[in-house]
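To start, the structure itself, in structure tokens.
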Amino acid sequence: MAQPIVSMTNVEKWYGSNHVVKNCNLNIEEGEFLTLLGPSGCGKTTTLRMISGFELPSEGMVKVEGENVEKKEPYDRSVNTVFQNYALFPNMNVYDNIAYGLKVKKVPKAEIKERVTQMLKLVQLEGFGKRRITQMSGGQKQRVAIARALINRPKVLLLDEPLGALDMKLRKQMQIELKRLQRKLEITFVYVTHDQEEALTMSDRIAVMSAGVIEQIGTPKEIYLKPRTRFVANFIGESDLFDGIITAESDGVLSIGTEVGTVKGLKENTTIGSVKVNDPVSVCVRPEHVKISTEKPEGFSVQAVVKDKIFVGNLIKEIAVINNGNEIKINSINAADLPEPGSHVYLSWDLKDAVVIPERSEITLDTADKLKEVG
Ligand SMILES: Nc1ncnc2c1ncn2[C@@H]1O[C@H](COP(=O)(O)OP(=O)(O)OP(=O)(O)O)[C@@H](O)[C@H]1O
Ligand SMILES: [Mg+2]
């Protein structure tokens, strides 16, 4: 495999006694769109700032293009940042904002003009050069900020919640535009968001962070279909979780004793390491994979009472309460599949559609890989 364009190895970041990035190991491939996704305060911006050079790791190494960048100032790294608040110069017009980086580098005037014109065209702001920043809409400012970063021809563009200030409609539109731009320019994007839907829509790969730890790195599909930890299962999309203890294993099928009876899952769908009888685990099923019926199905099932049936346009959502009081979500595209509220029902799933998450999945990815090797 080609050398990663950015690599972080055993990176730790402390602010005083606050450990905000923990054992971060991340390889970003050239040309990929990688998203750091996680809730507020989990360390996304700090991770980005260690790549850009605005922050130094407390321990560990950051490489850009294979080179240790510890001693390199931000302006010396082939990386540019688009900040959440755009950080545009309000007293300059659009043209001067975009030209700024080249002027500092003393690029000849004619070349600046050519490159700014090119950038304005790229972000679809032709004819806006003389406008003042204060006369631009949120989405337009955002495009100026991107043009200002791209004009330096960075190998890597870091974007920290660039769409955060936009309304939903513009945000969706900009997601598609940004993704298109990234493909066209073949620049590596490292993108920060706390919006899981945005991450799923735009990314080649997602690194899901929680409390300073990257809990999983994978394609949107991998992350959705095989969440490694309870946190990832809950944070990305909707999930139904059944907690219990493995009571038996036969032919690769695990029986898991829960408060609401025995449920099943496949041993090969265990998210990390290997599991054995008596291990505590959670079985995670996505709501579209939960089967609901008024007749007791063959094999295992969990009894429930339907609480709500909600029509949400393209699908019907149902909430069913199981005997321990937990609510289970069921999604279907066919209303006829779903019994009415008050019905006594049985919930089940195809074994292939459930993942088995060991309780020890909270441990970091690295340790998990070692456990896997040990078996
Ligand atoms: N300069 C700083 N000094 C001390 N603590 C800091 C500093 N910057 C960030 N922190 C702390 O580090 C943790 C991670 O912050 P960070 O900004 O990386 O989170 P984030 O994931 O980007 O969150 P958000 O989604 O809210 O932007 C937080 O607890 C924050 O309070
Ligand atoms: Mg942040």
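The values are calculated or read from the model by the stated rules, or taken from the named source; none is laboratory data. This one's a predicted model, so the numbers in the text were calculated from it and none came from an experiment. Cβ atoms come from the backbone with ideal geometry, glycine included; neighbour counts cover every protein chain shown.
Structure notes:
- Of all residues in segment 178-233, those satisfying the criterion of being under 29 Å from Gly139 (Cα atoms), more than 10 Å from the chain's Cα centre (by Cα) and among the hydrophobic types (A, V, I, L, M, F, W, C) are Leu178, Leu181, Leu185, Ile187, Phe189, Val190.
- Only one of the numbered conditions (1) within 30 Å of the chain's Cα centre (by Cα); (2) surrounded by fewer than 20 Cβ atoms within 10 Å (Cβ to Cβ); (3) modelled with pLDDT of 95 or more is violated by Val355, and that is (2).
Results for (1) farther than 18 Å from Leu158 by Cβ; (2) more than 16 Å from ligand 2 (Cβ to nearest atom); (3) in contact (Cβ under 8 Å) with a residue 12 or more places away in the chain, shown as yes or no for each residue.
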{"position": "Arg77", "(1), (2), (3)": "no, yes, yes"}
{"position": "Phe89", "(1), (2), (3)": "yes, yes, yes"}
{"position": "Asn93", "(1), (2), (3)": "yes, yes, yes"}
{"position": "Lys103", "(1), (2), (3)": "yes, yes, no"}
{"position": "Val116", "(1), (2), (3)": "yes, yes, yes"}
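- The strands (runs of 3 or more DSSP E) found entirely in segment 1-83 that carry 1 or more residues being modelled with pLDDT under 95, closer than 22 Å to Gln196 by Cα and outside the structural domain of Gly237 (by TED's automatic domain parsing) are 79-82.
- Glu177 meets the conditions (1) out of contact with any Leu (no Cβ under 8 Å at 6 or more places or on another chain); (2) modelled with pLDDT under 90; (3) not in a helix (DSSP H, G or I) in every case but one. The failed one is (3).
- Qualifying residue in segment 122-143 (condition: crowded, with 20+ Cβ neighbours inside 10 Å, assigned to a helix (DSSP H, G or I) and aliphatic (A, V, I, L, M)): no
- Strands (runs of 3 or more DSSP E) contained entirely in segment 195-303, each with at least 3 residues that are of a type outside the set (Gly, Ala, Ser) and in contact with a strand residue (DSSP E or B) (Cβ under 7 Å, 6 or more places away or on another chain): 205-210, 213-218, 240-250, 253-258, 261-266, 280-285
- Figure legend. Inter-residue proximity from segment 188-211: first residues touching a residue at least 60 places away in the same chain (Cβ under 8 Å), second residues of a type in the set (Gly, Ala, Ser) and within 13 Å of ligand 1 (Cβ to nearest atom), beta-carbon distance below 7 Å, spacing 6+ or different chains. Indicated pairs: Thr193/Ala199; His194/Gly38; His194/Ser40; Ile206/Ala199; Val208/Gly38; Met209/Gly38; Met209/Gly43; Ser210/Gly38.
- When Pro90 is tested against (1) touching a Ser or Thr at 6+ places or on another chain (Cβ under 8 Å); (2) closer than 17 Å to Asn27 by Cβ, exactly one condition is not met: (2).
- Qualifying positions in segment 90-105 - more than 32 Å from the chain's Cα centre (by Cα) and among the small types (Gly, Ala, Ser): Ala99
Quick grid of which residues meet (1) in contact with a helix residue (DSSP H, G or I) (Cβ under 8 Å, 6 or more places away or on another chain); (2) over 17 Å from Gln84 (Cα atoms); (3) of a type outside the set (Phe, Trp, Tyr):
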residue	(1), (2), (3)
Gln124	yes, yes, yes
Phe128	yes, yes, no
Leu150	yes, no, yes
Arg153	no, yes, yes
Asp160	yes, no, yes
Arg180	no, yes, yes
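- Hey, Leu34 within 14 Å of ligand 1 (Cβ to nearest atom), touching a residue at least 40 places away in the same chain (Cβ under 8 Å) and under 22 Å from Leu163 (Cα atoms) or not: no
- Counting the residues of segment 39-89 that are within 20 Å of the chain's Cα centre (by Cα), surrounded by 15 or more Cβ atoms within 10 Å (Cβ to Cβ) and on the phi > 0 side of the Ramachandran plot gives 1.
- The set of residues in segment 135-165 being within 16 Å of ligand 1 (Cβ to nearest atom) and among the hydrophobic types (A, V, I, L, M, F, W, C) consists of Leu158, Leu159, Leu163, Ala165.
- Residue match in segment 125-133 (condition: touching a Lys or Arg at 6+ places or on another chain (Cβ under 7 Å), over 30 Å from Lys63 (Cα atoms), in the same structural domain as Ile28 (by TED's automatic domain parsing) and at pLDDT 90 or above): yes
- Residue match in segment 108-118 (condition: part of a loop (DSSP other than H, G, I, E, B), away from ligand 1 (no atom under 16 Å from the Cβ) and either at pLDDT 95 or above or surrounded by fewer than 18 Cβ atoms within 10 Å (Cβ to Cβ) (or both)): yes
- In segment 165-195, the qualifying residues are those that are within 16 Å of ligand 2 (Cβ to nearest atom) and closer than 22 Å to Ile51 by Cα, and the one that is surrounded by the most Cβ atoms within 10 Å (Cβ to Cβ) is Tyr191.
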